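Colleague: Sharing a structure below in structure tokens format, with a few things to ask.
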Amino acid sequence: MARLTARGAWARRAALYDWLEGSDLRRASAKKRLFGRARGKTLLVGAGTGLDFRHLAAGSDVTAMDISDAMLTRARARAAASPARVRLVAADALRLPFADGVFETVITSCTMCSVPDPLRAFTEIRRVLGRSGRLLMFEHVRSTQPVLAATLEVMTWWSRRSGTEMNRETVMSASAAGFRIARIESVFLDIILAVEALPTNDMFDRHEDGATGSGWHADDPRGAPPTCAGAA
Amino acid sequence: MAPQRVSGMSRVAFLVGDFALLVTVGIEAALAMHIAHDVVPGILASTIVGMAVGMGAGLLTALAVRPVLGSIETAVPTMIGGMIGGLAVCLVMLVAGRISGMFTLGIGAATGVVLFSMLMAFDRECRRRFDQDRWHA
Ligand SMILES: C[S@@+](CC[C@H](N)C(=O)[O-])C[C@H]1O[C@@H](n2cnc3c(N)ncnc32)[C@H](O)[C@@H]1O
């Protein structure tokens, strides 16, 4: 259901996406710096219309996935023009169709404002990331400044209708899913951040014990993971 | 508010853009409130109409410049600027009674300048907070 809703919302937004949200004049240098840190086989979650492809390292091997076919259709030309080797895949970030630990880098770019359950998405990302992998996030998040936070809250009343939450505590969700935050760069105040995170090792340890790859399971001593609402 | 590590020229250009946007939005919001108080009967109704029209005008302005200045980078400050520009005029009218169009314009521009300065200060604070860990590309 969530998948259908997300698909519908993003199919409607695809046509105007580049015009309304596609400019990254201001963000390009921070993106290039962040994505330049990708190593090895890379997964780009929530590729959209492929605006980020031009910031990928030349010759790198990138699987770019998105839930929306309409977005991916628009991304095709940019994939062909990208300096990286980009393969497009239609998939849901909440159920990544990849084996455990196959990627060395995962990139998200304004993705976690859009997935219905960021914690689950991060847990999936962590599953497909290798032990020494890295997560590179270019995300907009809730501000710590009360007036800005309240403004983002108000904006979410209507942005939510088209599939975007402006008030998510994405860095916290990543930590809750088992990532250690290695670096944060402020791109715009504390609202747009470039973040590098590394997987902590406990999930892999439990994984080797035969636990599920989700990072969380029913008898987890830390209790239930924060819900999406709690993380948002 | 301008992004880090962009070239000096781009940084100045974005700062000038942010400044111009916030001053414009402040003026629009202030004028909308002034006009609403002239044409809409009742203080509550005129305040609500003035605020709505001012914020609407601000958001349209932000929409026009977002391809250059960025979507979130324009929408968030504009929301705040649209609100305080109108509120400032209401407050001054409450104290001073009727005010001229030129004075309203000045109030709007001043709210834009104040908001810009506050965001700049917060930007510096954010950089200090996060910059202990700069990228080493
Ligand atoms: C705000 S757009 C960002 C697109 C692109 N990264 C950019 O910066 O231009 C969010 C993207 O996430 C995708 N998305 C939303 N929910 C998703 C999900 N559950 N799985 C995969 N992609 C999803 C949307 O289709 C959309 O393309």
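Colleague: Which one, B:VAL65, B:VAL95, B:VAL25, has the greatest fluctuation when you compute a Gaussian network model over chain B with C-alpha springs under 10 angstrom?
Modeller: B:VAL95
Colleague: Set the Förster radius R0 to 51 Å, insert the Cβ-Cβ distance between B:SER100 and A:ALA99 as r into 1/(1 + (r/R0)^6), and round the FRET efficiency to 0.05.
Modeller: Efficiency computed from Cβ-Cβ geometry: 0.10.
Colleague: Another one. Show the residues, 5+ positions off or on another chain, whose built amide H is closer than 5 Å to the amide H of A:ARG183.
Modeller: Those lying under 5 Å, H to H, from A:ARG183 are A:GLU196.
Colleague: Continuing with this model, one more query. So what is the calculated 222 nm ellipticity per residue for the protein assembly as shown, using -39500 (n - 2.57) for each DSSP H run with n of 4 or more, over all residues, to the nearest 500 deg cm²/dmol?
Modeller: -18000 deg cm²/dmol
Colleague: Give a residue-ordered list of calculated ³J(HN,Hα) values for the stretch B:39-45 (Karplus: 6.51 cos²θ - 1.76 cosθ + 1.60, θ = phi - 60°; whole Hz; x for Gly, Pro).
Modeller: Working through the residues one at a time gives 9, 9, x, x, 5, 5, 4 Hz.
Colleague: Here's another thing I want to ask about it. Within 10 Å, count the other beta carbons around each residue, average over each peptide in A:20-29, A:113-122, and list them highest first.
Modeller: On the way: A:20-29: 18.9, A:113-122: 24.3.
Highest-to-lowest ranking by the protection proxy: A:113-122, A:20-29.
Colleague: Across chain B, where is the longest run that never hits trypsin sites (Lys or Arg not before Pro) in a DSSP loop with at most 16 other C-beta atoms within 10 Å?
Modeller: Working: sites that count: B:ARG5, B:ARG98, B:ARG134.
Here the longest segment lacking exposed loop sites spans B:6-97.
Colleague: Oh, and also: Give me a single rounded figure for B:63-74: the average over its residues of other chain Cβ atoms within 10 Å of their Cβ.
Modeller: Mean number of neighbouring Cβ atoms from other chains: 5.
Colleague: Suppose the chain between A:ALA90 and A:SER132 were pulled fully straight at 0.36 nm per residue; how much longer would it get relative to their current alpha carbon spacing?
Modeller: 12.5 nm
Colleague: Ok, one more. Using the Karplus curve 6.51 cos²θ - 1.76 cosθ + 1.60 with θ = phi - 60°, what ³J(HN,Hα) values do you get for each residue of the stretch A:87-96, in whole Hz, with x for Gly and Pro?
Modeller: For the stretch A:87-96, the Karplus curve yields 10, 9, 9, 8, 7, 9, 5, 7, 9, 5 Hz.
Colleague: When only DSSP loop residues count, what chymotrypsin sites (Phe, Trp or Tyr not before Pro) in the stretch B:72-136 have their Cβ near at most 12 other Cβ atoms within 10 Å?
Modeller: none
Colleague: May I pose another question? Run the 1.4 Å probe and let me know the accessible area of B:LEU44, rounded to the nearest 10 Å².
Modeller: Roll a 1.4 Å probe over it and B:LEU44 shows about 130 Å².
Colleague: Hey, can you grab everything whose amide H is under 5 Å from the amide H of A:LEU88? Only 5+ residues off in sequence or another chain; H modelled, so Pro and N-termini drop out.
Modeller: Here the answer is A:ALA64, since their amide H atoms fall under 5 Å of that of A:LEU88.
Colleague: Taking only protein heavy atoms and a 1.4 Å probe, what accessible area per residue, in Å², does the stretch A:6-230 have with all protein chains in place?
Modeller: 40
Colleague: Something else now. Determine the total buried accessible area between chain A and chain B, counting protein heavy atoms only with a 1.4 Å probe; round to the nearest 100 Å².
Modeller: Values: alone 11040 and 8050 Å², together 15910 Å².
So the total buried area for this chain pair works out to about 3200 Å².
Colleague: Name the long-range amide H neighbours of A:ARG27: under 5 Å, sequence gap of 5 or more, or other chain; modelled H, no Pro or chain starts.
Modeller: Hits under the 5 Å cutoff: none.
Colleague: Let me ask you something else. Might you report the magnitude of the Cβ-based charge dipole of the protein assembly as shown about its Cα centre, with Lys and Arg at +1 and Asp and Glu at -1, to the nearest 20 debye?
Modeller: It comes to approximately 840 debye.
Colleague: Among DSSP beta bridges whose residues both lie in the stretch A:6-230, state the antiparallel percentage, nearest 5.
Modeller: If we restrict to bridges inside the stretch A:6-230, about 45 percent are antiparallel.
Colleague: List residues of the stretch B:77-91, by number, whose backbone nitrogen lies under 20 Å from a label position 7 Å along Cα→C-beta of B:ALA64.
Modeller: Only B:77-86 fall inside the zone, counting backbone N under 20 Å.
Colleague: Which FRET efficiency value, to the nearest 0.05, do you get for B:ARG124 and A:ARG180 by plugging their Cβ-Cβ distance into 1/(1 + (r/R0)^6) with R0 = 30 Å? Intermediate values should be presented prior to the final figure.
Modeller: Values: r = 27 Å, r/R0 = 0.90.
Result of the calculation: an efficiency of 0.65.
Colleague: Just to check I understand the Karplus step: with θ = phi - 60° and J = 6.51 cos²θ - 1.76 cosθ + 1.60, what whole-Hz values come out for the stretch B:88-96, glycine and proline as x?
Modeller: In residue order, the calculated couplings are 4, 5, 4, 4, 5, 5, 4, 7, 9 Hz.
Colleague: Right, here's the next one. Counting only protein heavy atoms and using a 1.4 Å probe, what share of the accessible area of the stretch A:6-230 belongs to carbon plus sulfur, as a whole percent?
Modeller: 57
Colleague: Still on this model: Convert 37 °C to kelvin, take the viscosity as 0.692 mPa s, use the Kirkwood radius over C-alpha pairs of the protein assembly as shown as Rh, and evaluate the Stokes-Einstein diffusion coefficient in µm²/s, rounded to a whole number.
Modeller: Numbers: Rh = 21.8 Å.
Approximately 150 µm²/s, per Stokes-Einstein.
Colleague: Round to the nearest 0.05 the FRET efficiency obtained for B:ALA110 and A:THR200 when R0 = 45 Å and r is the Cβ-Cβ distance.
Modeller: The calculated FRET efficiency here is 0.35.
The values are calculated or read from the model by the stated rules, or taken from the named source; none is laboratory data. Since the model is a prediction, treat every value here as computed from it, not as a measurement. Cβ coordinates were reconstructed from backbone atoms using ideal geometry, including for glycine residues, and neighbour counts include every protein chain displayed. Side chains included, ligands, DNA and RNA excluded: accessible areas come from the protein's heavy atoms. Shrake-Rupley method; radii C 1.70, N 1.55, O 1.52, S 1.80 Å.
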